Every structure is written in structure tokens, then in C-alpha cells.
1. Give me 548, 331 sorted ascending by neighbouring Cβ count inside 10 Å, so fewest comes first.
2. Starting from 0.36 nm per residue, how many nanometres of slack lie between residue 538 and residue 249 once their C-alpha separation is accounted for?
3. Measure up 343/449; 29/114; 27/108; 114/253; 439/491 against 23 Å on the Cα-Cα distance and list the ones that go over.
4. Taking the highest mean first, how do the peptides 447-454, 506-513, 151-158 order by number of other beta carbon atoms within 10 angstrom per residue?
5. Highest mean first, what order results for 184-194, 281-291, 110-120 on Cβ atoms within 10 Å?
6. By count of other Cβ within 10 Å, fewest leading, how are 479, 147 ordered?
7. Report Rg(Cα)/(2.2 N^0.38 Å) for segment 91-193, keeping two decimals.
8. When a footprinting reagent is the concern and you count Cβ atoms within 10 Å, what order do 27, 123 take, fewest first?
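No value in this document is a laboratory result; all are computed from the given coordinates. Computed from a predicted model, the values in this text were never measured in an experiment. Note that we place each Cβ from the backbone using ideal geometry, even for glycine, and neighbour counts take in every protein chain shown.
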Amino acid sequence: MFSPGKKKRLTEQRKVSASHVGELRNKLKAILKKKYQCPPGGETEHPFYIHCDLHYQAGESSKVNQHEYILTQPDYRRRHQAKCSSLNSEVDEPIRTALTKGVSGIGKTSQVRKIILNWAEGKGNQEVQLIFPLPFRELNLLKERLSLIELLYEFFPELKEPGISNLENCRVGFFLDGLDEFRRPLDFNNCLMVTDVTEASSVPALLTNLIIGNLLPSAAHIWITSRPAAVSRIPLQYIDRVSEIEGFTDSQKEEFFRRAINDKDQAKAVITYLKNSKGLYDLCQIPFICSISASILEKQPYVPDKTCDPVALTPLFNELLVLLQLRRRNVKMVDELGELAFKQLVKGNTVFYEEDLRECNIDVQVAAMYAKVNIPIFREDIGLQQKKMYYFGHTTIQEFFAAMRFLQSVDGQDENRADDRKTQIERSLWFFRDANHLKSAVDLTLRSKTGHMDLFLRFVLGIAQNFNQMFSVAGFSPSTALPEMLVYIKKKVMENPSSPRTLNLLNCLRELEDYSLDNDCVCFLKTGIPPDAKYPPAHWSDLASLLVASKSG
């Protein structure tokens with residue numbers, strides 16, 4: 001087929017190509033090893049959190065229209081068996097594009113970092129010649145048109161010498177971490193076709209062509225991570241394998257606390273306390289929640305030896321603020337971060353950029369100071385082109401700050417008076433008595449199709465409940481707003497008990513220490529008679545079925 005001369009030239013070209021790829025591979029490994037040996041949180045990240053093997057399950061399991069807190073509860077997950085440590089398929093099927101989903105803080109990015117570092121150190125996945133991590137939060141920073149090769153140079157300028165080439169003849173891994181953080185649309189129906197790695201296009205177009213297979217169809221192996229609600233942004237026809245990280249097993253939770261808390265007796269007491277709190281113990285499946293729980297409970301002079309409310313989450317985050325002395329030390333910081341948290345939560349954003357800070361009148365230098373003094377709360381990273389990115393330590397912290405800000409922004413009161421202690425109390429008294437403002441939080445949450453505002457509402461009501469108790473002790477007359485809220489939430493539940501938002505509304509009632517609907521459903525199951533004839537038996541049946549299912553785990 002080939003003449004001897006052509007064969008010789010082809011062999012020489014392959015030798016040059018292999019030599020070039022080897023040089024490129026070694027340089028890339030050195031870059032990645034230096035970058036990923038240190039965790040992004042520095043000393044705040046516990047080594048066990050970074051290096052343990054998190055378990056995952058294959059296929060679909062979670063309902064994406066529920067808040068992620070709901071998805072950590074046992075009835076919404078199935079414990080699996082495998083470890084997220086290899087890029088290889090466990091079955092004899094070609095895997096070009098894999099998608100791994102998991103709730104916020106479950107360890108997706110940590111697992112990506114671990115696999116990259118293992119590859120760079122020669123410990124795993126060596127059949128892949130090149131691995132390029134391309135986090136979506138940094139891809140947001142690229143607004144200009146560029147080619148795939150130019151995009152890679154933006155992330156790895158050190159590779160301009162020896163140069164990136166011959167990708168179509170390599171086995172190349174592209175790690176696209178954090179699909180939920182990507183702010184630009186991915187149009188898989190009307191995207192212009194790009195087949196040449198040197199052809200310039202928009203970043204979304206490059207990504208869609210890479211995922212579809214127009215770019216590097218046989219050379220690229222793509223791993224995408226995402227929170228559950230964003231998975232639908234990529235049609236499943238372009239995904240060969242879907243898996244879900246489930247976080248810590250129960251034994252890993254216990255091991256974490258034993259390592260994180262130096263006092264063995266205190267560690268044992270903390271583990272017992274958390275096991276008695278079903279809601280918190282389930283939530284500790286998330287490594288970050290384990291971390292803040294350890295930080296708070298380790299400092300307690302004693303850990304209560306009792307079963308605590310399985311659903312009241314607000315006290316945990318109140319304790320986190322107390323631990324960090326945020327309220328006493330810098331009320332302005334809490335207000336400013338709260339405004340940022342609320343505005344971006346409504347938009348569905350969990351990563352922020354300088355333009356987002358300016359929208360909330362937060363100075364970039366001030367934000368950098370916030371990140372330095374409160375790493376568990378607020379963080380700053382340097383992205384492409386030395387541009388800064390900001391985010392809360394966990395989405396639940398953003399939701400908690402957003403709730404505090406919402407409650408202090410009644411009728412658009414002047415934020416500049418936040419430093420005035422008297423004004424703070426006046427604002428608190430205002431929202432404490434304003435049922436309409438609290439109802440607007442319910443309405444805002446119910447408009448969310450993905451449930452990303454659900455925990456925000458629970459925090460709003462939990463904080464209001466705390467004020468109710470605190471003011472009652474101080475001699476103030478009881479609030480009429482909270483009783484009105486109970487009636488309003490029950491009305492919303494009974495109007496549409498099969499709604500995806502219903503389970504969260506029931507948890508909101510429990511946050512307010514109201515279990516009347518639970519009791520009504522028990523009576524209905526026993527007698528078959530609707531406790532309130534205003535709603536048909538079918539509604540009571542739907543609600544009772546939901547409650548039984550939610551408690552079965």
C-alpha cells in the first residue's frame with residue numbers, strides 16, 4: 001500500500017510526534033503536580049477530606065427538582081459500592097463522555113483533584129496521555145472568541161513551548177468541573193459546527209462541539225461534574241455514563257470526627273450526639289458539613305446527651321456565626337455578604353466575580369479581607385488572567401446569609417445604617433411582626449422549579465422563630481406574624497400536596513415546631529376521614545403518602 005520511501009517518512013513522523021507528546025506530557029504533569037498538591041482551602045481542608053475514597057453509584061437516582069438537603073436523606077439515595085478513583089469503565093463499553101453528579105460540598109472537585117494528582121504522579125490512569133482540567137467557573141472568564149488550542153493556552157500558557165499539537169493522535173482527557181457554575185447557555189440544537197482545533201469560536205460553542213464529538217471525536221475523553229439541578233443542560237444522548245458521588249459512608253463520618261477532634265472523649269460524644277440527630281447525621285454525608293460540625297461541637301464545653309430536633313438546621317448555622325464571632329466583630333460584613341448571597345441566590349449563582357461585588361457596592365479589597373479572615377465562610381480564588389473569583393464555603397452558608405439579609409431588608413431600608421445597633425433591633429422588630437414579608441419568602445421559594453431556594457426559606461423561618469423565642473424571654477408581646485405564617489404554609493401545602501415543593505414546606509413547619517399536619521395525616525391513615533373537609537380526601541391521601549415515603553429512610 002505504501003512505497004518504502006513513504007513508510008520511512010511516516011515512521012520518522014510518528015517518532016517525532018511521540019517524542020513531542022512525551023515532552024508535552026512530562027511538562028503538563030509537572031504543572032498539574034505543582035498546582036494540585038496543595039488543596040484550595042490550604043490548612044482549612046482536613047487531609048482525610050482530600051484523600052479518602054468517596055463512594056458513588058452508577059446511573060440516575062436523585063430528583064433534580066428537590067433541594068440538595070432533601071437529596072442527602074436516605075430515601076433519596078442508594079448506597080453503592082464502588083470508588084471514584086479511575087477513569088476506566090467497569091464494563092466493556094467505550095466511554096467517551098462521563099458525567100458525575102453530586103450535591104454541593106459532597107466532594108466532586110476533591111475527587112477531580114485527586115485523580116488529576118494521581119495521574120500527574122504516575123499513580124493511575126497512565127493510559128491517558130494528556131489531561132486538561134477546565135473548570136467551568138474559570139471558563140466564565142473567557143468572553144472572546146478563540147480556538148480549542150488557544151483556550152488550552154489560556155489555562156496552560158507554559159505549554160506554548162513545546163506547543164500543543166497532534167491532539168487527534170493522542171488519548172486526551174478533558175475534565176470539566178462544575179457545570180452548575182457555568183453562566184452561559186449551551187445550545188446543543190443550534191450550535192455552529194466546529195471540527196478543527198485551530199478554528200476560533202465562542203467558549204460555549206467549543207464546549208458543545210467537544211461534548212457532541214465534532215472536536216477530537218476519537219481522541220477526547222471528557223469527564224463532567226455537576227450538581228443535580230444542572231445535569232439537564234446536557235442532553236443524555238451525548239453522555240455515555242452517569243454516576244453520582246454519595247459522599248461519606250457512616251464509618252467515614254466517624255473516622256473523620258475521630259481525626260478532626262483531638263480529644264478522644266469529645267470526639268466520641270460528638271459522634272453520639274450527631275447520631276441522635278437524624279437530620280444532621282444524614283447531612284454529614286457531605287464532607288464540608290462534617291467539617292463545620294466538628295469545628296462547632298469541638299469547642300462546646302459539653303455535648304448534650306439527648307436526641308435533638310432532626311430537622312432544625314438554623315441553630316447549627318447560628319452557632320457557626322457565634323464561633324467565628326461574626327455578629328459581634330463585623331456587622332457590616334454580615335450585611336454586605338448577605339446582600340451578595342441573596343442577590344446571587346435568586347439568580348442561581350454560587351460563584352461570583354468582581355462585577356457581582358460592584359453590584360452590591362462591595363469593594364474588591366474589602367472582599368479579599370473578608371476571605372482572609374473567614375475562610376470557612378467566604379473564599380477568594382485567582383482564576384484565568386489573574387482575575388478573582390469568590391464563593392461561600394458551602395451553598396448552605398450562602399443560603400443562611402441570604403436569609404439573614406432578606407429579613408433585614410424590609411421595605412428597602414437603608415443598608416448604610418447597619419452599623420447602628422439600635423437600627424438593627426428596629427429592623428428585627430419590623431420583620432418579626434411583618435407576616436407579608438415572610439409570606440413573600442414563601443412565594444419566592446415556590447416559584448423556583450429546581451428547589452434551589454428551599455433551604456433559604458427554612459432559614460428565614462428558623463431565624464424568625466429564634467427571634468420569637470428571644471423576644472418572648474425579653475418580655476415582648478408574642479408575634480402575630482408566625483401564627484399567620486403557619487396558616488399560610490399549611491394552605492399552600494394542602495392546595496397542591498403533590499408539588500415537589502411540598503416536602504420542604506413540611507420541613508418549614510417543623511422548623512417552626514409545628515407538627516399538626518403530621519398528626520392530621522396519621523389520623524387520616526387510621527380513620528380515612530379528612531381532618532379538614534375543606535380539602536378533598538385525594539389531597540390528604542397524597543400528603544399522607546409523601547410523609548410516609550419521607551420517613552421510610
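1. On the way: 548 12, 331 15.
Listing 548, 331 from fewest to most nearby Cβ atoms yields 548, 331.
2. Details: separation 289, 0.36 × 289 = 104.04 nm, distance 3.82 nm.
Full extension from residue 538 to residue 249 adds 100.2 nm.
3. Details: 343/449 17 Å; 29/114 13 Å; 27/108 26 Å; 114/253 19 Å; 439/491 12 Å.
Table pairs above 23 Å Cα-Cα are 27/108.
4. The densest-packed peptide leads the list: 506-513, 447-454, 151-158.
5. Values: 184-194: 12.7, 281-291: 24.0, 110-120: 21.5.
In descending order of packing, they fall as 281-291, 110-120, 184-194.
6. Details: 479 22, 147 17.
Result, fewest neighbours first: 147, 479.
7. Working: Rg = 15.1 Å, N = 103, 2.2 N^0.38 = 12.8 Å.
Here the Cα radius of gyration is 1.18 times the empirical estimate.
8. Details: 27 15, 123 12.
So the ranking, lowest neighbour count to highest, is 123, 27.
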